[in-house]
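Bear in mind these aren't lab numbers, they're just calculated from the coordinates by the rules spelled out. Quick caveat, the model's predicted, so the values are computed rather than measured. Positions of Cβ are backbone-derived with ideal geometry, glycine not excepted, and every protein chain shown enters the neighbour counts.
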C-alpha cells in the first residue's frame, strides 16, 4: 500500500522500495510523508498518534505501525 499511496502523493514511481528502505533516502520529505500517512489513515480508517510518527524511519516501520493500529481497531 505504501508504494501506491506514495506514488499518488509524490507523483512518481517507487519501483525499488523494500521494507528496509529508509523513507528519507527515497527523496520523501516530512511534509510529503505526512500526506502519505494521512491518506493511508483515511483509506484504512485508522489513526496513528503523532508521538508514534517520530519512530518511523523505514517503510517497514510504517507498515508495522499501520498493522498495529489495524489490530487495535479490529
Q.
For the chain, what does the relative contact order come out to in percent, with C-alpha contacts under 8 Å and a separation of six or more?
A. 38 percent
Q.
Given the -39500 (n - 2.57) contribution per DSSP H run of 4+ residues, what per-residue ellipticity at 222 nm results for the chain, rounded to the nearest 500 deg cm²/dmol?
A. -17500 deg cm²/dmol
Q: Using only Cα atoms, tell me the angle between helix 59-73 and the longest principal axis of the chain; keep it within 0 to 90° and round to the nearest 10.
A: 20 degrees
Q. Which of 54, 9 comes first, and how do the rest follow, when ranked by fewest Cβ neighbours within 10 Å?
A. 54, 9
